Every structure is written in C-alpha cells, then in structure tokens.
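The values are calculated or read from the model by the stated rules, or taken from the named source; none is laboratory data. Here the structure is a predicted model, which is why all the values come from computation and not from measurement. All Cβ positions, even for glycine, are placed from backbone atoms using ideal geometry, and neighbour counts span all protein chains on display.
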C-alpha cells in the first residue's frame with residue numbers, strides 16, 4: 001500500500017489556518033456571552049463588567065508576556081549554556097538560526113534526565129531556548145538539530161505572542177463569567193425587568209457563563225496542539241531532514257522516568273515543552289500536546 005506523502009508547506013499552512021479559525025471560535029464565545037449578559041441585565045452593568053475584566057486580564061497577561069522567558073527559566077532553575085561544555089547545542093542553534101534567518105537565541109540548560117526542550121520570549125530578538133541535560137546526553141547531532149529546529153519554529157511563528165492573545169480572550173471570558181455569576185448570587189438573581197422572555201435570557205446567560213470558560217479552555221488546548229504540529233512541519237522546512245526530529249520523538253516516546261524527575265517541571269510551564277513532561281495518559285481534547293505517535297506518523301510521510 002502506497003503511503004500518501006505530506007508537504008511540510010501544506011502542513012504549515014493548514015495548521016496556521018486552523019489556529020486562526022479556532023481563535024475566531026473563542027472570539028464568537030466572547031461575543032455571545034456579552035450579548036446574553038447585556039440582555040439579561042442592564043447593558044450599562046455589563047459595560048462595567050467588561051472594563052473590570054479587561055483591565056485584570058490584560059495587565060496580568062501583558063506582565064507575564066514581557067517576562068515570560070525569565071519566569072520560565074527561573075521556574076526550572078535553568079543555567080546559561082556554556083560554549084565549550086555545550087558545543088553541540090551551540091552548533092545546532094547557530095545552524096538553525098542561519099536556516100531560519102532569525103537572530104541567535106540565548107541558550108540555557110536545565111537539570112533533568114528527560115529528553116525535552118522549550119522556547120520562550122516575546123519576539124525573535126528576545127528569544128531563549130532551554131534544553132535538558134538528558135537531551136544533550138541522549139540525542140545525536142541530527143536529533144538535537146531537529147529539536148532545536150522545532151523550538152526555533154515556535155519563535156519564527158510567533159507562537160508565544162499568538163498564545164498570549166488566546167490567553168487574553170480566554171481570561172476575559174472566564175473573568176466576565178465569574179463576575180456575572182457572583183453578581184447574581186449577591187443580588188438574588190434580579191434582572192433588569194420581569195417577564196418570561198427575560199427569564200429565558202437569564203437562564204441562557206447563566207448556562208453559557210458556566211459552559212463558556214470550559215469550552216474556550218478546550219479550544220485553547222486545541223490551538224496549542226495545532227501550534228505543535230505547525231512547529232514540527234516548520235522544523236522539517238528548516239532542517240530538510242524529517243528523520244532527525246522523528247527519531248528524537250521516538251526516543252521521548254520510549255522514555256520511562258520516575259516521579260522524582262517529573263517534579264522538576266512546574267505545571268504552568270509544561271505546555272511550552274516539545275513534549276508533555278508529565279507524560280499523562282490523558283490525551284485528545286484535554287491535552288496541550290498532540291499524541292507523539294501522530295506526530296511521528298506525520299513526520300514519516302514528509
């Protein structure tokens with residue numbers, strides 16, 4: 001049976017389109033939630049909720065965004081890579097920097113036997129890549145280049161900026177829903193006027209306020225998975241050698257590490273890594289990363 005080949009150009013384009021469509025879905029949830037609350041309550045009251053929610057969400061996310069690299073590196077106790085001790089890492093990063101046309105990122109190393117890596121930073125000029133000591137010990141030159149190319153792809157695709165936008169929208173929806181539900185509790189559920197139609201709108205607003213944060217969180221996870229597929233495809237574009245990243249992912253798949261090593265990974269930073277550091281059995285819509293088997297299968301066909 002002939003295997004259908006995948007063009008990395010098509011894969012990159014498809015994942016970008018899907019990511020933008022998913023962020024539109026989150027925006028639609030935001031509009032519907034605002035529409036229902038403004039009709040269930042006084043529109044002026046909803047305007048106040050919007051102002052409060054926007055200030056909280058934007059200030060929090062922007063503060064995190066501009067310090068994302070520092071927060072991520074500090075949380076895993078990463079140290080700056082040495083040009084002499086980590087020569088292969090520097091060579092791989094320099095090669096991928098030339099291939100991508102991006103500035104050389106700052107390189108860091110964290111102590112962990114697990115094969116893993118992440119990229120952070122608000123833009124290519126302020127980007128960092130951190131790899132584990134296990135990555136440097138266990139991967140060959142081509143495999144390491146594949147992993148670095150994947151992380152450089154996140155930088156090239158402005159994935160940190162894109163996911164920050166997603167976080168702002170998801171945060172806004174969650175805060176607005178919470179303020180609305182709590183205000184009903186304290187006010188005894190009073191609306192702006194009585195009537196059957198008003199009661200129906202109130203019930204719809206309450207149901208949507210409960211479900212919207214859950215639904216948008218699931219959509220944000222789907223976006224995260226699409227960005228991982230996109231980074232894999234872009235890595236192939238940079239290296240022109242799919243077996244490098246494919247082999248690295250195969251080694252990650254076969255790793256069996258204890259809980260002691262997993263404790264080195266803060267849950268908040270876990271989505272940044274090339275693979276889920278906790279190797280949770282939960283997958284599908286509840287995962288930040290696509291199944292490794294699916295990623296390997298796609299790379300085999302490129």
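Okay, here's what the table says:
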item	result
Selection from the stretch 242-270 of residues that are at pLDDT below 90 and outside any loop (DSSP other than H, G, I, E, B)	259, 260, 261, 262, 270
Scan of the stretch 61-92 for residues that are more than 29 Å from residue 260 (Cβ to Cβ) and in contact with a helix residue (DSSP H, G or I) (Cβ under 7 Å, 6 or more places away or on another chain), ordered by number	61, 65, 83
Conditions (1) assigned by TED's automatic domain parsing to the domain that holds residue 148; (2) crowded, with 21+ Cβ neighbours inside 10 Å; (3) farther than 23 Å from residue 161 by Cα; number of the one not met by residue 209	(1)
Residue 155 under 24 Å from the mean Cα position of the chain (by Cα), part of a helix (DSSP H, G or I) and at pLDDT 85 or above	yes
Residue satisfying all of: in the stretch 121-133; part of a helix (DSSP H, G or I) and at pLDDT below 95; farthest from residue 258 (Cα to Cα) among these	125
Exclusive hit being surrounded by 19 or more Cβ atoms within 10 Å (Cβ to Cβ), in the same structural domain as residue 172 (by TED's automatic domain parsing) and at pLDDT 80 or above, set 29, 35	29
Test result for residue 201, outside the structural domain of residue 285 (by TED's automatic domain parsing), farther than 20 Å from residue 95 by Cβ and touching a residue at least 40 places away in the same chain (Cβ under 8 Å)	yes
Sole exception among (1) more than 22 Å from the chain's Cα centre (by Cα); (2) surrounded by 15 or more Cβ atoms within 10 Å (Cβ to Cβ) for residue 228, by number	(1)
Residue check for residue 118: closer than 25 Å to residue 257 by Cα, within 16 Å of the chain's Cα centre (by Cα) and either surrounded by 15 or more Cβ atoms within 10 Å (Cβ to Cβ) or not assigned by TED's automatic domain parsing to the domain that holds residue 251 (or both)	yes
Residues located in the stretch 43-64, provided they are surrounded by 12 or more Cβ atoms within 10 Å (Cβ to Cβ), more than 14 Å from residue 176 (Cβ to Cβ) and modelled with pLDDT of 70 or more	60, 62, 64
Residue within the stretch 145-158 that is in contact with a helix residue (DSSP H, G or I) (Cβ under 6 Å, 6 or more places away or on another chain) and over 19 Å from residue 242 (Cβ atoms) present	yes
Scope the stretch 230-270; condition within 21 Å of residue 159 (Cα to Cα) and free of Cβ contacts under 8 Å to residues at least 60 places away in the same chain; matching residues	249, 267, 270
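For every residue, the table says whether it meets (1) surrounded by fewer than 23 Cβ atoms within 10 Å (Cβ to Cβ); (2) farther than 18 Å from residue 66 by Cβ.
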| residue | (1), (2) |
| --- | --- |
| 98 | yes, yes |
| 109 | yes, yes |
| 112 | yes, yes |
| 128 | yes, no |
| 149 | no, yes |
| 164 | yes, no |
| 173 | no, yes |
| 196 | yes, yes |
